Amino acid sequence: MNKKTFSLGVFSILLGIVMLIMSNGIRDFAAVGVGAKFFPRIAASGFIIIGALLAFQQRAVVSQLFSSAGSQDVKEDKGDMVAVWLTMGLLAIYLFLVPRLGYILSTLIYIFGQTLILNRGEKQHYLRFAIIALISASATYLLFVKVFRVMIPAGIFG
């Protein structure tokens, strides 16, 4: 357990709250049964619960971390925190871009950027990362649009 757990917990809680607020704007066309608001609200509740568990768990071990952390652990934690903050920033950019550029292009950019963040310090294979991002974004788009029949923002392609 390291110090980034508390930040992840708080971020998860805030993300869940934002998702709950934003789900109020979803128009529900279902006359009976599960509507379009159901899944975003379940996901938001999950984010809040998991975030609370992470934050609570961190609180229980914080004294152990401060007593046993050496200089190497502090350097690794700072590097991990940079990755966490870069991921949070990338998610914010992704949320900003989806309605403007559409799902496929925004997701492609997000997956490519997240792959770069997760592979910091390693040899970067840009072409491989771009191909993975393109396949992932296209496959999830087709899955949601063709199989689940969910309307996804088309953006500049719509």
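The values are calculated or read from the model by the stated rules, or taken from the named source; none is laboratory data. Because the structure is a prediction, the values reported are computed rather than measured. As a convention, Cβ positions derive from the backbone with ideal geometry for all residues, glycine included, and neighbour counts pool all protein chains shown.
Restricting to the stretch 133-158, give me the number of residues that are among the β-branched types (V, I, T), surrounded by 10 or more Cβ atoms within 10 Å (Cβ to Cβ) and farther than 16 Å from L101 by Cβ.
The qualifying residues number 3.
Can you tell me how many residues within the stretch 120-158 are part of a loop (DSSP other than H, G, I, E, B) and either not aliphatic (A, V, I, L, M) or not assigned by TED's automatic domain parsing to the domain that holds L101 (or both)?
10
Applying the selection to the stretch 118-128, what residues are among the hydrophobic types (A, V, I, L, M, F, W, C) and within 18 Å of the chain's Cα centre (by Cα)?
Within the stretch 118-128, L118 is the sole residue that qualifies.
In this structure, is A130 closer than 19 Å to F96 by Cα and surrounded by fewer than 16 Cβ atoms within 10 Å (Cβ to Cβ)?
No; evaluated as a whole, the condition is false for this residue.
Would you say Y103 is among the aromatic types (F, W, Y), at pLDDT 70 or above and surrounded by fewer than 16 Cβ atoms within 10 Å (Cβ to Cβ)?
no
Given the residues R41, R59, which is the only one that is at pLDDT 80 or above and either of a type in the set (K, R) or at negative phi (or both)?
Residue meeting the stated conditions: R41.
Just one of the numbered conditions (1) closer than 19 Å to T115 by Cβ; (2) modelled with pLDDT under 65 is not true of S71; which one?
Tallying (1) closer than 19 Å to T115 by Cβ; (2) modelled with pLDDT under 65, S71 fails exactly one: (1).
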